[in-house]
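See below for the structure under consideration.
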2 protein chains.
Amino acid sequence: MPPLARFAGTAALLLATTSASASLPPPPSAVDLAQQGQDPAWTITEGLTTEIGPRMAGTEAEAAARRWAVARLQDMGFANVREEGFDMPVWVRGTEEAWLTGPFHAQKLAIAALGNSASTGSEGIEGDIAYFASFDALAAAPDHRVKGKIVFIDHKMQPTQDGSGYGYYGRGRFTGPNVAAKKGAIAIVIRSIGTDAHRNPHAGVTNFEPGVKPIPAGAISNPDADQLVRQWQRAQQMRAKETPLGYVAEALRMKLVLTPQNLGTRKSGNVVAEVPGSDPNASPVIVACHLDSWDLGTGAIDDAAGCGIVTAAAYHVKSAGQPRRTIRILWAGAEEVGVFGGKAYFDAHGTEKHAVALESDFGADRVWRIDFKLPDSAKALSDRLAAAVMPFGVVRGRQPANGGADIGALVQAGVPAIDLAQDGTRYFDLHHTPDDTLDKVDPAQLRQNAVVWSAVLAILANSEDSELP
Amino acid sequence: MPPLARFAGTAALLLATTSASASLPPPPSAVDLAQQGQDPAWTITEGLTTEIGPRMAGTEAEAAARRWAVARLQDMGFANVREEGFDMPVWVRGTEEAWLTGPFHAQKLAIAALGNSASTGSEGIEGDIAYFASFDALAAAPDHRVKGKIVFIDHKMQPTQDGSGYGYYGRGRFTGPNVAAKKGAIAIVIRSIGTDAHRNPHAGVTNFEPGVKPIPAGAISNPDADQLVRQWQRAQQMRAKETPLGYVAEALRMKLVLTPQNLGTRKSGNVVAEVPGSDPNASPVIVACHLDSWDLGTGAIDDAAGCGIVTAAAYHVKSAGQPRRTIRILWAGAEEVGVFGGKAYFDAHGTEKHAVALESDFGADRVWRIDFKLPDSAKALSDRLAAAVMPFGVVRGRQPANGGADIGALVQAGVPAIDLAQDGTRYFDLHHTPDDTLDKVDPAQLRQNAVVWSAVLAILANSEDSELP
C-alpha cells in the first residue's frame with residue numbers, strides 16, 4: 001500500500017471510536033484507560049500528567065519532564081531524539097494569601113501571584129482598593145486615583161469559540177501591573193482572566209518594562225472577584241451617605257501576602273525528535289507544543305494534550321510509511337513564562353529551511369477550523385488539506401493562520417503556517433488553574449484532534465518542493 | 001382581604017418574576033442585585049455571605065453572624081428576636097498539605113482536614129497507601145492490610161435528585177476514620193464526598209468513638225483522587241513485574257501535613273425570632289435553617305439560602321396579616337460540626353408544644369416534592385398543602401417526611417414534620433467546598449423556594465387545633 005492509502009486505513013480505524021461530545025466527561029475509569037491505551041495522544045497526555053504532573057519552567061519538575069519525554073519519544077521509535085538546553089530566569093511562587101479586611105468581617109480570598117510579581121515580604125501589605133472596571137479605565141485614570149493603593153481590575157472574560165477574547169481581556173494581566181506600577185500603586189489584584197465560576201485563580205505571567213520597579217501582582221478567582229465587587233459597592237454606598245458629593249472608593253481594604261522569588265538563571269530545554277524523510281534535500285515540517293506548564297494544575301490541556309496530539313500525528317504518519325519530508329517534533333520548554341524555548345529553537349535553527357510550521361496549544365477539544373498562511377504556490381495543497389479535514393467536521397477559515405507561541409519567531413521570519421483551530425469555548429474555564437487536570441480532557445475530542453492532525457501531517461510531509469519552500 | 005387571599009396576591013406577584021432554570025447562572029450583575037433587592041430570600045443570602053462570609057461554629061465569625069442576624073431580623077419587624085447561647089467544643093483547621101511522594105515525581109494534592117481530625121504535627125507524616133475501593137472494603141479488611149499505613153477510600157459519589165446517596169457514600173467520611181483508626185492506620189485520606197470535578201476538597205465532620213484515639217483524616221478533591229488512583233494502578237503494575245505472585249499496594253507513598261487544633265469549649269448560639277400568632281393558646285409552627293457554615297466557602301447554599309427561604313416565607317405571611325399560630329424562626333448555630341444548636345434548642349424548648357416543624361437545608365435549587373409526617377387528624381390539611389404547591393411544580397411524595405438536622409430532636413420526640421424537598425442534583429458539587437459561594441445560587445430557583453414555602457407556611461400558620469397538636 002502507498003503510505004497515504006495505509007494512513008487512510010489508520011485514520012478510519014481511529015475514527016471508528018470517535019464521537020463528538022461537548023459536555024465534560026466523567027473521569028476515565030480503569031477500563032477506559034485500558035481501551036485508550038493504544039492511542040498515543042491519550043497515552044502521552046495521561047502519562048505526562050500522571051507521572052510528572054506540574055512542570056514549571058526551569059524547575060526540577062520540568063527537567064524530569066524532559067527526561068520522561070526523551071524516553072517516551074525514543075520508545076515510540078522517533079529518530080534524533082535530543083534535549084537542546086538553554087538558560088532562563090526562573091520565578092517561583094511563595095506564600096499566597098489575601099483578605100478583604102474592612103469595612104466588613106474579614107474574608108479570605110483565593111489568590112495566585114502572577115509570574116514576575118514582586119514580593120510583599122512575609123508581613124504582607126495592607127491598603128485601600130482602587131477599583132477599575134477594565135484595563136482601559138486604569139490606563140485612563142489620573143495617578144492620584146492609584147498612588148499608594150491596591151489596584152483592582154474587574155472586567156469579566158466571556159468565552160469565545162476561537163479564543164479571540166484572550167488578547168482583549170488579557171491586557172489586565174499582561175500589562176495592567178506595569179501600568180499600575182507606573183502610576184504609583186503599591187500592588188495590583190486582578191479578576192482572573194478566566195470564564196469559570198470556581199474558587200481557583202488563573203495564574204499567568206506579567207511583565208514590567210525596564211526601569212519600572214515591579215509591584216506585587218495577583219489574580220483572584222471569579223467568585224472572589226464577585227465578592228470584592230459586592231463589598232466595594234456596599235462600601236461606596238456607606239461612604240456616599242457620609243459624603244454625598246464625594247466619589248470615594250477607598251473604603252474597602254485588602255491585606256496581601258505574596259512572597260514569590262526570582263531564583264536567577266537556571267537550565268531549561270527543548271526536546272526535539274524526528275521522523276526522517278526519504279528525501280534528504282526536502283525541508284522539514286515542524287510540529288510544536290510546549291512541555292512546561294503552570295504549577296497549579298498538572299498541565300493537561302496546557303499543554304500535555306498538545307504534545308500528545310502532534311506526536312500522535314507524527315507517529316501515525318511514520319507508521320504508515322516513510323514520508324518524503326522530515327517531520328520534526330518540538331516539545332518546547334519554558335513557553336508559559338516568556339516563550340524561552342521557542343526563542344532558543346529559533347536561535348539554533350532559525351537559519352535552516354522549514355517547509356511549514358504548526359503548533360497545538362489550545363487545549364484538547366475538537367478541531368473546528370483550518371486556517372492557512374501559505375505561499376501562492378500552495379493553493380492546490382491548501383485545497384487538498386481542506387478537503388482532507390472536511391469529513392471530520394472542520395471548516396475552512398477565511399483569515400490567515402497565526403502559528404503559535406513556540407513557532408512564532410519562525411512564522412515571523414517567513415515560514416509558512418497552518419492553524420488547526422480547536423474549540424476554545426471552555427478553554428478559559430481551565431487555563432492556568434488548579435483545574436487543568438486530566439479529567440478535563442475528553443478522550444473522544446482528543447482522538448478527533450489526533451485524526452485531523454494525522455491527515456494534515458500526512459499530506460504536508462509528502463508535499464512537493466514546488467508547493468512549500 | 002382575609003390573610004390568605006392577600007397572601008395569594010403576594011405569591012402571584014413573586015411568581016411573576018420566577019422562571020425555572022436548572023443550569024448554572026452567570027454571576028449576578030449589579031443590575032440583577034438591584035432587581036432582586038426586594039426579595040428577602042435573596043437579600044438575606046446575599047447579605048450574610050457578603051458581609052460575614054464563612055462562619056465556622058464557635059468562632060468569632062459565627063458570633064458576628066449572630067449579631068448580623070439579630071439586627072436583620074429586627075429590621076424586618078419580627079418579634080422576640082434573641083440569641084440563645086450554648087457551649088460547644090471547637091475544632092479549627094491549620095496547615096493542610098499532602099503530596100504523592102513516590103514512586104513518581106512528587107505531586108501536591110488539594111486536601112482539607114475533616115472536622116475532628118487529629119494533627120500530624122508540623123513535620124507531617126509519610127507512609128504507604130492502603131487502597132480501598134469503598135468504605136465496605138475497608139470495614140472488611142484484615143488489620144494487617146491497614147496497620148501502620150495511610151488508608152485511602154475511593155468510591156466516587158454519584159448525584160441524585162433527592163440526595164439519597166449522601167448516607168451511602170458518606171460513610172467513608174462519617175465513620176471511615178474511626179474504622180481505620182481501630183485497625184491501626186496512621187492516617188486516612190478519602191475521596192471527597194462530592195460529585196464535582198474541581199480541585200476543591202469537600203470538608204465535613206467525622207467522629208471517633210470514645211476510647212478510639214483520633215488519627216489525622218482528610219479529604220482530597222475528585223481530580224486529586226483520580227490522580228492517586230492512576231498512580232496506585234501504575235505502582236501496582238510495577239511491583240507486579242517484580243513479584244508476580246504478590247498483591248502489593250504499598251508502593252505508592254504519601255506525605256501528609258495536617259495541623260488542626262481543638263480549642264476547647266467556646267460559646268455558640270441560636271438566633272430565634274417570631275411572628276406572634278393571634279391565638280395565644282395555639283402551638284407554634286417552627287421553621288429552621290442553620291446559621292453556621294463550613295469555613296472553606298461562604299456558606300451560600302449551606303445554609304444562608306435556607307435561612308433566606310424560611311425567613312422570607314415568615315415575612316410574606318406576616319406581611320399578609322397576622323396568622324393564628326405563632327411562627328418561630330430558628331437560625332441554628334453549630335449544625336455542621338454536630339448539630340449543637342438543634343440539641344440546645346431541644347434542651348431549652350423540647351417540652352413546649354410545637355404544631356409542626358420544617359427545615360430548609362439542602363441548597364437553593366427548586367422545591368420538587370412535598371413529604372408529610374403528620375397525625376391522622378391532618379389528612380385534609382395535607383391535601384390542601386399538596387394542592388397549594390402543585391402550581392409551582394411540586395409533586396406529592398409517598399414517603400414520610402424526614403425533618404432536618406436542627407429539628408431532628410423535635411421530630412424524634414413526636415413533633416409532626418413536613419419536607420419541602422429541594423432538587424439536589426448539583427448540591428454535592430458544591431457542598432462544604434470553597435465553591436459554596438453566592439454565584440452558585442440561582443435567583444429564579446431561590447424565588448420558587450420562597451414562594452412554595454410562603455404558600456405552605458400561610459396554610460400551616462392558620463391551621464386548626466383539630467388538625468395539628
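No value in this document is a laboratory result; all are computed from the given coordinates. A quick note: this is a predicted structure, and the numbers were derived from the prediction, not measured. Note: ideal-geometry Cβ built from the backbone for every residue, glycine included; neighbour counts use all protein chains shown.
Some points to look at:
- Our note on the geometry: Cα centres of the stretch A:58-99 and the stretch A:142-218, 27 Å apart.
- Hydrodynamic radius of chain B by the Kirkwood approach over all distinct alpha-carbon pairs: 23.2 Å.
- Footprinting exposure proxy for B:S119, B:S463, B:S278 (fewest neighbouring C-beta atoms within 10 Å first): B:S278, B:S119, B:S463
- Sum of side-chain charges, B:A41 neighbourhood, beta-carbon under 12 Å (Lys, Arg +1; Asp, Glu -1): -2
- Equivalent ellipsoid semi-axes - Cα gyration tensor, the protein assembly as shown, angstrom: 53, 31, 27
- Listed by chain and number, the lysines whose C-alpha is less than 27 Å from the C-alpha of B:K267, apart from same-chain residues fewer than 8 away, are A:K108, B:K213, B:K343.
- Cβ-isolated cysteines (cut-off 4.7 Å), the protein assembly as shown: none
- With neighbour counts taken as other beta-carbon atoms within 10 Å, the residues A:D406, B:D162, A:D295 rank, fewest first, as B:D162, A:D295, A:D406.
- Put in order of Cβ neighbour count within 10 Å, fewest first, the listed residues B:K183, A:K182, A:K147 become A:K147, A:K182, B:K183.
- Label-point distances for B:G184 to the equivalent site in the other copies, using a point 7 angstrom along Cα→C-beta, read 6.9 nm when ranked shortest first.
- The stretch A:338-416 and the stretch B:409-451 have Cα centres spaced 51 Å apart.
- For the stretch B:361-440, the list of trypsin sites (Lys or Arg not before Pro) that fall in a loop by DSSP and count at most 14 other C-beta atoms within 10 angstrom reads B:R398.
- Here the Karplus curve 6.51 cos²θ - 1.76 cosθ + 1.60, taken at θ = phi - 60°, turns the phi angles of the stretch B:56-73 into couplings of 5, 3, x, 9, 4, 5, 5, 5, 4, 5, 5, 5, 4, 5, 4, 4, 5, 5 Hz, with x standing for Gly and Pro.
- Cα-centred dipole magnitude for the stretch B:94-259, charges only on beta-carbon of K, R (+1) and D, E (-1), debye, nearest 20: 280
- Kirkwood hydrodynamic radius over Cα pairs of the stretch B:265-414, then Stokes diffusion coefficient at 4 °C and 1.567 mPa s, in µm²/s: 80
- Nitroxide proxy distance, nm - points 7 Å out along Cα→Cβ at A:Q233 and B:A137: 4.8
- With a cut-off of 13 Å on the backbone N, the residues of the stretch A:94-129 near the modelled label site 7 Å out from B:T95 along Cα-Cβ are A:95.
- A crude spin-label estimate for the pair A:D75 and B:E60, with each label 7 Å from Cα along the Cβ direction, gives 5.4 nm.
- The residue of chain B whose Cβ sits closest to the rotation axis that maps B onto A, together with that distance in whole Å, is B:H198, 3.
- CD proxy at 222 nm, helix term only [per DSSP H run n ≥ 4: -39500 (n - 2.57); per residue of chain A; nearest 500]: -10500 deg cm²/dmol
- With a threshold of 28 Å on the Cα-Cα distance, the over-threshold entries among A:K182/A:K373; A:K353/A:K379; A:K440/B:K149; A:K156/B:K255 are A:K182/A:K373; A:K440/B:K149; A:K156/B:K255.
- Here the scattering of the stretch B:94-259 is modelled by Debye summation over its C-alpha atoms, one equal scatterer each and no solvent; at q = 0.20 Å⁻¹ the log10 of I(q)/I(0) is -1.35.
- Rounded to 10°, Cα long-axis angle of helix A:165-174 versus longest principal axis of chain A: 50
- Size of electric dipole in the protein assembly as shown: Cβ of Lys, Arg +1 and of Asp, Glu -1, about Cα centre, debye, nearest 20: 20
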